Structure formats: C-alpha cells, structure tokens
Amino acid sequence: PVPIVIDCDPGHDDALAIMLAAADPAVDLLAITTVAGNQTLEKTTLNARRVCGIAGITDVPVAAGCARPLLQPPGVAADVHGASGLDGPRFAEPTVDVVPEHAVDLLHRILRDHPEPVTLVPTAPLTNIALLLTRHPESAARIREIVLMGGSTDRGNRTPAAEFNIHADPEAADIVFGSGVPVTMCGLNVTHQALATPDVLARFTGLGTELGDVCAELLAFYGSAYHRLWGMPHPPLHDPVAVARVIDPDLVRCVDANVAVELHGRYTRGATVVDLHGYLDRPVNARVAVALDAARFWDRMVDAVRTLGAR
Ligand code: BDR
Ligand code: CA
C-alpha cells in the first residue's frame, strides 16, 4: 500500500475522505493532520477525532496544525458545513485523542523516518504543507507526491474565479505549486463529477450499519447546503476524489500543465490559472485531474464505509 498522510479540515467531504483513506487496502494511512479551513482549527480537529471515533479508526495519530492562513485573516465555510463544521449527525464525545505534537512537526518526523517516500493528500487550505516545505525544505525530497483537492480548471466556488481551499490561503498554495514536489491537482472541474445522488445515499443506508447511516446524514445536510447555496440537485463530494487518485490512478485521468496561483488579482485572488493549452510557455508543474470514473469511485467509497462499519 502507498503510505499517505491526509491533511484536512473536516468538513463533510473531508470526513468521507478520512474513511476512504483509513479503509482502502491500497493506501496505508500514517496520520491525519488538521488545519483551519471549513471551520476553526479547534472545530476541525474535534471533527477529525469524531470521525475517527465513529469509524473505529483508533490506530492513526491525529495532530492539529495551523490555526490561520500564512498571511490573510482566517475565514470559515459555515454556510456549507454548519456551525460545527460537521453539522447533521449527533456525535458522542470522541474517544480518540489528539497527539501533543504540531501537525507540521509530525509531518516532518514521518517524512524523515518512514522507510519509503510518503504521499501527502491535502483536502484543505495548504497552510500546513507550505509551512512544512518552508521550515523543513529537506522534507521535499521525502514526499513522493502531493495529491491535493483544490483549485479548478475553470470557475470557482468561493468567488467567481477561486475555489475555497486555494482562496483560503493563496500564498500557501503558491508555495506548494512552486515547490518542485510533484503535485496532482484534483479541482472542482473533476470533483463535480462525484455527485452524491439519492442512489448513493441509499447505498450507505443499505449497509445497515450506524456508520452507513451517519454518512447518509452527513450527505443529506451537505446536500441541502449545496441546494440552498448553488441550486445543485446533488452535492459534489470533493475531497475523497484526491484519495481515490492515490488508491487507483486510473480512477482520475490527469493531464500535465502549468498551474499558477493568482495572488494579486483584483477580482481573482486565489484562482488557479491552469494553462491547459500551453499559452504561457511556462514549465509543467502539475498533473491536473480532468475526468473521474464516477461509478468505480462510488464503489470504492461505499466499500470503505462497509469495511469500517463491520469492524
Ligand atoms: C473544498 O472546500 C471545502 O469546503 C471542502 O471540504 C473541500 O475541501 C471544496 O472547494
Ligand atoms: Ca476540505
């Protein structure tokens, strides 16, 4: 299995990304690190522990990272994920604890000590990853790949031009895309192919487990937010798509391109400018996801929840 660390801000779709990463035999989840994003660091960290608790993930360290972006003031996405960051189901007090180590220190230690290079899967603003690369530049050589959810080849979801994770910390994203580490970008253009339709919710409830019901409740809350905010009939499950790309690269088709992060645009700060046609003659610095095998993606996602629910 591919050794990975997921860096997240749960978040409904992050919650399912954690479950996929913990259960799928193709990856070995070494740690879960958290960052401020969908909600404050305190809340995203509590939510990561809640997800581990409900999903029976007891052998994976959870470490809290940065509480605010590198430069700009923090913001949250309570409109999508609710006041808790994970509204919908009721969660018992989590039994899984957070480790007493900063996420960036834990990432550094794992990369230094793991026998193989490790893949990082950020599904949140890139603050922790940018800080890691800045504070410990030697870590870059130990990262096999950064497979992130963020950006878009076309339009945004936070502003007309910018996607939430990049918009939430553009300087951090700029550091990551400029780091020289192989980056795969799973943006909105591909995650909008992972739609949680009523059929999908029925597959989760049909598992007949508490965890399957929790996933359906999470998706129902998340779906109502997408309907209210964007008029979408079914919500896109962004973050697990990045995990799926690591699990089975054939699930997510990518093309090579230069990706630049807009830091100064008057209306476009936080946009990923993806040069699919090579207009700018800049070097390729990313693999950019363009197509998802949605049927096989959902099979894998449902299998993961089945596995965890049966434990
Ligand atoms: C991204 O923003 C967050 O709200 C989601 O968890 C996902 O990581 C989608 O733009
Ligand atoms: Ca997220």
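Quick notes on this structure:
- Subset of region 116-175 [over 13 Å from the mean Cα position of the chain (by Cα), in a loop (DSSP other than H, G, I, E, B) and aliphatic (A, V, I, L, M)]: Ala161, Ala162, Ala168
- In region 13-31, the residues that are closer than 17 Å to Pro117 by Cβ and modelled with pLDDT of 95 or more form Cβ pairs under 9 Å with partners that are among the small types (Gly, Ala, Ser) and within 16 Å of ligand 1 (Cβ to nearest atom), at six or more places apart or across chains, as follows: Val27/Ala21; Leu29/Ala21.
- Scanning region 61-73 for residues that are without any contact (Cβ under 8 Å) to a residue 40 or more places away in the chain and surrounded by fewer than 18 Cβ atoms within 10 Å (Cβ to Cβ) returns Ala67, Pro73.
- Exclusive hit being within 15 Å of Gly37 (Cβ to Cβ), among the hydroxyl-bearing types (Ser, Thr, Tyr) and surrounded by 16 or more Cβ atoms within 10 Å (Cβ to Cβ), set Thr123, Thr119: Thr123
- Meets criteria (crowded, with 20+ Cβ neighbours inside 10 Å, at pLDDT 95 or above and more than 13 Å from ligand 1 (Cβ to nearest atom)) for Phe177: yes
- Just one of the listed residues (Leu308, Leu263) is on the phi < 0 side of the Ramachandran plot, modelled with pLDDT of 95 or more, touching a Ser or Thr at 6+ places or on another chain (Cβ under 9 Å) and of a type in the set (A, V, I, L, M, F, W, C), and it is Leu308.
- Test: residue in region 229-246 that is acidic (Asp, Glu) and either within 30 Å of Ile143 (Cβ to Cβ) or crowded, with 22+ Cβ neighbours inside 10 Å (or both): yes
- Here Gln39 fits the description: part of a loop (DSSP other than H, G, I, E, B), of a type in the set (S, T, N, Q) and within 16 Å of ligand 2 (Cβ to nearest atom).
- Candidate set from region 197-251 (those that are over 16 Å from Arg300 (Cα atoms) and among the aromatic types (Phe, Trp, Tyr)); member that is nearest to the chain's Cα centre (by Cα): Tyr222
- For region 252-269, residues that are in a strand (DSSP E or B), surrounded by 18 or more Cβ atoms within 10 Å (Cβ to Cβ) and not hydrophobic (A, V, I, L, M, F, W, C) total 1.
- Only one entry of Thr205, Thr197 meets the criterion of being β-branched (Val, Ile, Thr), away from ligand 1 (no atom under 13 Å from the Cβ), over 21 Å from His264 (Cβ atoms) and without any contact (Cβ under 8 Å) to a residue 24 or more places away in the chain, and that entry is Thr205.
- Residue list for region 211-244, filter: more than 15 Å from ligand 1 (Cβ to nearest atom), of a type in the set (Asp, Glu) and under 18 Å from Ala17 (Cβ atoms): Glu217
- Residue in region 270-281 that is in a helix (DSSP H, G or I), more than 16 Å from ligand 1 (Cβ to nearest atom) and free of Cβ contacts under 8 Å to residues at least 40 places away in the same chain present: no
- Residue list for region 75-115, filter: surrounded by 17 or more Cβ atoms within 10 Å (Cβ to Cβ) and either basic (Lys, Arg) or part of a helix (DSSP H, G or I) (or both): Val80, His81, Ala103, Val104, Leu106, Leu107, His108, Ile110, Leu111
- Residues in region 176-196 that are in a helix (DSSP H, G or I) and either away from ligand 2 (no atom under 13 Å from the Cβ) or out of contact with any Asp or Glu (no Cβ under 9 Å at 6 or more places or on another chain) (or both): Val176, Phe177, Asn189, Val190.
The values are calculated or read from the model by the stated rules, or taken from the named source; none is laboratory data. Because the structure is a prediction, the values reported are computed rather than measured. Note: ideal-geometry Cβ built from the backbone for every residue, glycine included; neighbour counts use all protein chains shown.
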